[in-house]
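Comments concern the structure below.
The values are calculated or read from the model by the stated rules, or taken from the named source; none is laboratory data. Computed from a prediction, not measured in an experiment: that's the story for all the values here. Because the Cβ atoms are built from the backbone with ideal geometry, glycine has one as well, and the counts that use them run over all protein chains shown. To get the accessible areas, we keep the full protein, side chains included, count just its heavy atoms, and leave off ligands, DNA and RNA. Shrake-Rupley method; radii C 1.70, N 1.55, O 1.52, S 1.80 Å.
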Amino acid sequence: MIKEAIIVGASSGMGYEVARQLAEAGTKVAVVARRLDRLEQLAAAFPGKILCYSHDVTHFEEIPGLFQQITHDLGGLDLFLYASGVMPEVGWHEYSFTKDKPMVDVNISGAVAWINEAAERMDNTRHGRLVAIGSVAGERGRSQQPVYNASKAFLHTYMEAIRNRIARHGVAVVTIKPGPTETEMTAHLKMKKMPVEVAARKIIALSGKTGEHFLSPVHAVAFFIIRNFPSFIFRKLKV
Amino acid sequence: MIRATSPSRMVRATGFGMTEGGDVYLYRPTNVQEVKDILQMARETGRQVVLRGSGRSYGDANIARECLMLDISRMNQIYSINKQSAEVDCQAGVTIEQLWRSTLEDGFWPPIVSGTMAPTLAGALGMNIHGKNAYVAGPIGEHVTELDVVLPNGDVRTLKPENPLFHAVISSAGLLGVITRVRLKMKRIKSGDLRVLPLSVPDWAGQFKIFEDLEHDADYMVTWIDCFGRGKHAGRGVFHAAWYTQENEEFPSTLRPENQDLPDTILGFFPKSVVWRFLKPLNNRFGMRALNAAKHHASRLLGNGKQHPQGLVGFSFLLDYVPNWRNAYLPGGFIQYQSFVPKEHAPRVFAEQVRLQQEAKLESFLGVMKRHKPDPFLFSHGVDGYSLALDFKVTRKNREKLWQLAHAMNDLVVAAGGKFYLAKDSTLRPADFQATIGSENLARYFDLKAELDPESILTSSLAKRLGLDPREFSK
């Protein structure tokens, strides 16, 4: 039973939906995001179950104090989910640091700043589930999204290292690698997407299972092939 | 914003039964100033403090969530042993084991001991523990001649029994102050051996009859009850009485601690440290039914009624025979359930409790009955009657049913004017506690809490569950 959870990046997408489903199941959820109005809408639907915190994950210096505050307000911590992530539309020949920097700040630095807090706590208490949302995009460096791909690859490797530090104490350290999902972040992409409700349900179900997880067996097979595709052929493909 | 308390201080603490846990910031002070500092830090950070000794309370009295945990066990210095007055003056983190090891050769024994020698005096006084001599000696608080308590505002008070606060600080589960020093009057003994009489008992009537026969005679009385016994076998078990003995030598060797130590093997062969692993496969209804029956028949056939000498340690600390025995209850842990019922109702209530267990197929794997007397403490559990202590294995599947059973057993105790003991509680509802402790005592508790701890710094998961933490009311 997940009694208390923190979700960073809960104002939309998978973070929002996981928060909603957990609150529905009776979990006390602290939701953290920039857009407070959205959080408050969610809180209104589940009185007493949702605690809202307005925070920009790139304000790194706030994080240690805020983490202390939230765990105190919640009265415990069974699940920590880092779901913040940005993916601006980048053209095939675009090299824009202005577009790339937020991905580094949110997908990498923010993730490290938050997950370090949760990981240190769980390393000591030997209790809890630590979950980060990676992406199938992190499996290869593809020409379309250099920095997004690299940021997710960073997250996978970082989470693997955290897993090797603390999973031995019984903490579940989980990397979720969703494929395209129906969220705001991917609204501009025209492809088959997994409904966000389904993705969130799977994330909650997998949150106790240490390891890296795709959300569908098709992804697992497809990305096993893509991952092992020889580089000299891969670079000639338009993917 | 709350000042960051370092995550490197964090630890997950559970009650001894391992059914409840919470993440806390652990602090282990070594002196009174450090105790004050921790209370000060709590006030500054808006956090609460939970007190812990050796962590032997079974349920949730020694844990809390997201609080500072003040673990008293490093305040374990014995200041002096006064051989004339038989008083030991020590820090409150001294354990019962330290106490008997340091005083036995001088002919002293702790006046009250629990079934394990692990508890600290601070924990023992917070819960006001009792022993197998409760019907003559009362709880441990009756043997304290003086104590120091640090109040949540940082003031230190020295209390003697004539001070009205004395009987409230002792027994109030660490919710009114931090006991840091204790002067305890020890029992004088002439020998390290007791004379022990085991008696096999066929049924409930036999159990109560023996207690009545020996209550003005024996120094210790306890009986084990086979909760699987039904019909005419209901209440069967083995009764033990024990008497202090005299030895003619001035310094009998039985007073040497090394001659009291429990053996490190079972049956001279199995190393005790692994015994719980062998117990684990037996730790279910079928295994325990067989083990209880075997114990009953062995008591009938072997040594029944034959008095024999036994060391004080061997007789007193049954729970220390098998190290880590609680691991046999993993992964779900276990709860201890002990109720105290006036003597006129005890035979009916206890028989009914055991019948309810059998009906629910949730028999206690161990039943222990003792005799008690009333005492003057605020959260007293003493009655002129008997207590029955039970161990229930908790699993994910049985939990809900087990709590229902406990609540049904609670109702019987409340109706009979009985009491409960917070060190062993996991299942009480606020109304059960209020009904048994009495509105007058409860009002006095809240008056004292408002006076001594207006910000409600001291708390525990138990306090929150039973409605004893005023900070919960403001939420």
Assuming 0.692 mPa s and 37 °C, estimate D for region B:229-351 with Stokes-Einstein, Rh taken as the Kirkwood radius over Cα pairs, in µm²/s.
183
What number do you get for region B:240-309 when its Cα radius of gyration is normalised by 2.2 N^0.38 Å, N = residues?
1.55
Percent of accessible area on the protein assembly as shown owned by carbon and sulfur, 1.4 Å probe?
54
Reference-scaled alpha-carbon Rg (2.2 N^0.38 Å with N residues) for chain B
0.95
If you roll a 1.4 Å probe over the heavy atoms of the protein chains, what accessible area per residue do you get for chain B, in Å²?
40
What residues does region B:47-91 have that are buried by at least 50 Å² of accessible area in the full protein assembly compared to the chain on its own, 1.4 angstrom probe?
B:ARG65, B:GLU66
Short to long, in 5 Å steps from zero, the percent of alpha-carbon pairs of region B:193-429 per bin is 1, 6, 12, 16, 18, 18, 14, 9, 4, 1, 0, 0
Quick check: convex hull over the Cα atoms of the protein assembly as shown, volume per residue in Å³, rounded to an integer?
179
First measure r as the distance between the Cβ atoms of B:VAL274 and B:ARG157, then evaluate 1/(1 + (r/R0)^6) with R0 = 45 Å and state the FRET efficiency to the nearest 0.05.
0.45
Residues along region B:7-24 losing 30 Å² or more of accessible surface when the other protein chains are present rather than the chain by itself (probe 1.4 Å):
B:PRO7, B:SER8, B:MET10, B:ARG12, B:ASP23
Among the lysines, which fall within straight-line cross-link reach of B:LYS83, defined as a Cα-Cα distance under 30 Å, with same-chain neighbours fewer than 8 residues apart omitted?
B:LYS132, B:LYS160, B:LYS185, B:LYS187, B:LYS190, B:LYS373
Chains B and A together, accessible area buried on both sides, 1.4 angstrom probe, square angstrom:
1500
Most to least packed among B:154-161, B:451-458 [average Cβ atoms within 10 Å]:
B:451-458, B:154-161
Share of Cα-Cα pairs in region B:74-188 beyond 24 Å, in percent?
17
So what are the radius of gyration and Dmax for the Cα set of region B:34-113, in Å?
16.0, 48
Contour minus Cα-Cα span, A:ARG227 to A:SER109, at 0.36 nm per residue, comes to 39.9 nm
Counting each DSSP H run of 4 or more residues in chain B as -39500 (n - 2.57), what helix-only mean residue ellipticity at 222 nm follows after dividing by all residues, to the nearest 500 deg cm²/dmol?
-8000 deg cm²/dmol
Two-decimal ratio, region B:212-272, of alpha-carbon radius of gyration to 2.2 N^0.38 Å:
1.68
Report, in deg cm²/dmol and to the nearest 500, the calculated mean residue ellipticity at 222 nm for chain A, where each DSSP H run with n ≥ 4 adds -39500 (n - 2.57) and the sum is divided by the residue count.
-13000 deg cm²/dmol
Over the Cα atoms of region B:130-286, what is the Rg over Rh ratio if Rh follows Kirkwood?
1.06
Based on Cα coordinates alone, diagonalise the gyration tensor for region A:184-239, multiply each eigenvalue by 5, take square roots, and list the semi-axes in whole Å, largest first.
26, 18, 8
Would you kindly calculate the mean projected area, averaged across all directions, of the convex hull enclosing the Cα atoms of region A:72-161, in square nanometres?
6.5
If every alpha-carbon in region A:2-42 counts as one equal scatterer, what log10 I(q)/I(0) does Debye give at q = 0.28, 0.29, 0.35 1/Å?
-0.92, -0.98, -1.28
Could you do me a favour and compute the accessible area per residue for region A:4-234, 1.4 Å probe, result in Å²?
44
Residue-level accessible surface for B:TYR421, protein heavy atoms, 1.4 Å, Å²
20
Find the all-direction average of the projected area of the Cα convex hull for region B:2-78, expressing the result in square nanometres with one decimal place.
5.1
For B:ALA298 and A:ARG35, FRET efficiency with R0 = 56 Å and r from the beta-carbon atoms, rounded to 0.05?
0.20
In region A:122-167, what residues drop by 40 Å² or more of accessible area when the other protein chains are put back, versus the chain on its own? Use 1.4 Å, and skip ligands and nucleic acids.
A:ASN124, A:THR125, A:HIS127
Roughly what percent of Cα-Cα pairs across chain A reach past 32 Å?
16
Reduced Cα scattering model of region A:1-137, Debye log10 I(q)/I(0), q = 0.12, 0.13, 0.15, 0.19 Å⁻¹:
-0.46, -0.54, -0.70, -1.07
